[in-house]
1. Helix 383-398 versus the longest principal axis of the chain: what angle, 0 to 90°, nearest 10, using Cα atoms?
2. Over the chain, with a Gaussian network built from C-alpha contacts below 10 Å, which listed residue (VAL279, VAL166, VAL36) shows the highest mean-square fluctuation?
3. For ARG50, list long-range residues whose amide hydrogen, built 1.01 Å from N in the peptide plane, is under 5 Å from its own amide hydrogen.
4. With charges only on Cβ, +1 for K and R and -1 for D and E, what is the dipole size of the chain about its Cα centre, in debye, rounded to 20?
5. Got a sec? How would MET390, MET363 order by Cβ neighbour count within 10 Å, fewest to most?
6. Of ALA39, ALA73, ALA398, which has the largest mean-square fluctuation in a 10 Å C-alpha GNM of the chain?
7. Near the amide H of THR113, under 5 Å away, which other amide H atoms are found, from residues 5 or more places off or on another chain, if H is placed in the peptide plane?
8. Where does helix 244-255 land angle-wise versus the long Cα axis of the chain, in degrees 0 to 90, nearest 10?
Amino acid sequence: MRKTDILTDAQIRNAKPEKGKFVKRLLDGDGLYLQVTKAKEGFNRNWIFRYDMDGVRHDYGVDPLHRVSLAEARRRRTDLRLAILDGIDPLQERVDARKERLAEKAREVKATTFKTCAEAYYKIHHKTWSNEKHRKQWDSTMRDYVIPVIGSLNVNDIETAHIEKVLAPIWDKIPETASRVQKRVEHVFNYAIAGKLRTGDNPARREYLKARLGKLQKGNGHHAALPFLESPAFMVELRERDSISARALEFTILTAARTGETIGAVWDEIDLKKKLWTVPAERMKADREHRVPLCDRVVDILKALPHRGAHVFSGTNKKPLSNMAMLQLLRGISPGHTVHGFRSTFRDWAAERTGYPEFVVEMALAHAVGDEVVKAYKRTDLFDRRVRLMRQWAGFLAKPRPPKSGEVHNLRERRAS
């Protein structure tokens, strides 16, 4: 009868290879060994079960000692011996189990639809989107444009032609929406690729769709912009308004920001000591972090604001301003103009009254700068130069020129005459 249960806890705890050797095996009996191997730091101790099957000797790795005790290793040896008596090869069974796991994973991947991926992506990322409107737009654009076309398709089978079918009806008619839908679909595919639910390239990349559908046009027209020479007088009247929406509009004009960037701003993005507003990539149109220098007037505005929650500009209900709050205020002061139009006002002023290169102004507006001439500047956001630019903009807005003889002070009366 074979001798078993030879080893003791002390033996396995202190076992190590002889001097000059790297491996040592200690027999516990009936095919069970403790294999001790030299490592960089100390020793690795693993249980090995040796058995013969159809005249071939096999070594079956049980588990390392730190996971399986001596008593548990002996119990597993008994189970393995019983399996062999039933004609089961432990190693082959392990290989078969691994194949089944891989097959199950393959079935899981095959069953993963675009809709499932989109829902998973939204569940992970929507919590970081502070703009409630952005969350609602994600749902509505996916529901109206994307899911009906590719929602039920396997995410691994979708090609650019499928995305073209999604975007073609809106590519020329409503390019702003088409641009947003394209970015959202591209994010979902990035999620699928990162999770190995899809192999190959991202079929929703902008350059692929541009090749198929043509260049995406910018909007359906220009936003009505106030002439820059009239903007200082406008600011005088705006500063007489005592409301959160008035301060938000003034902040937006002084920073040349977009409406969504302002109403989505949270206090964690603001550093008053450094006079800096850092807008995270997920809130930017270009999906890149944008650093905004804050002039003294903007700092004064922020210091005077009440803290009513996470958002910088929020009402008594602690909710951020609505998307229409600033526009409604603007209509009361200067009918016919838009909040977004002040970005054009800023650009016109910079072109007419400053000597800054166009790419510096474009960076202040958080526009992509891709001209060959300015490639050398792509490694920086030219923050120091933009600090001076925005300081000059604030200075221009703070010093309205006295009206000429016969001019009317009130902007609304001037436009009515």
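1. Helix 383-398 and the main axis of the chain meet at about 30 degrees.
2. Taking springs between Cα atoms under 10 Å, the residue moving most is VAL36.
3. Counting only residues 5 or more places away or on other chains, the set is LEU32, TYR33, TYR60.
4. 760 debye
5. Fewest-to-most ranking of MET390, MET363: MET390, MET363.
6. Between ALA39, ALA73, ALA398, it is ALA39 that shows the largest mean-square fluctuation.
7. It is VAL155, by chain and number.
8. 80 degrees
No value in this document is a laboratory result; all are computed from the given coordinates. Because the structure is a prediction, the values reported are computed rather than measured. When we count neighbours, we look across all protein chains shown, and the Cβ atoms used for this are built from the backbone with ideal geometry, even at glycine.
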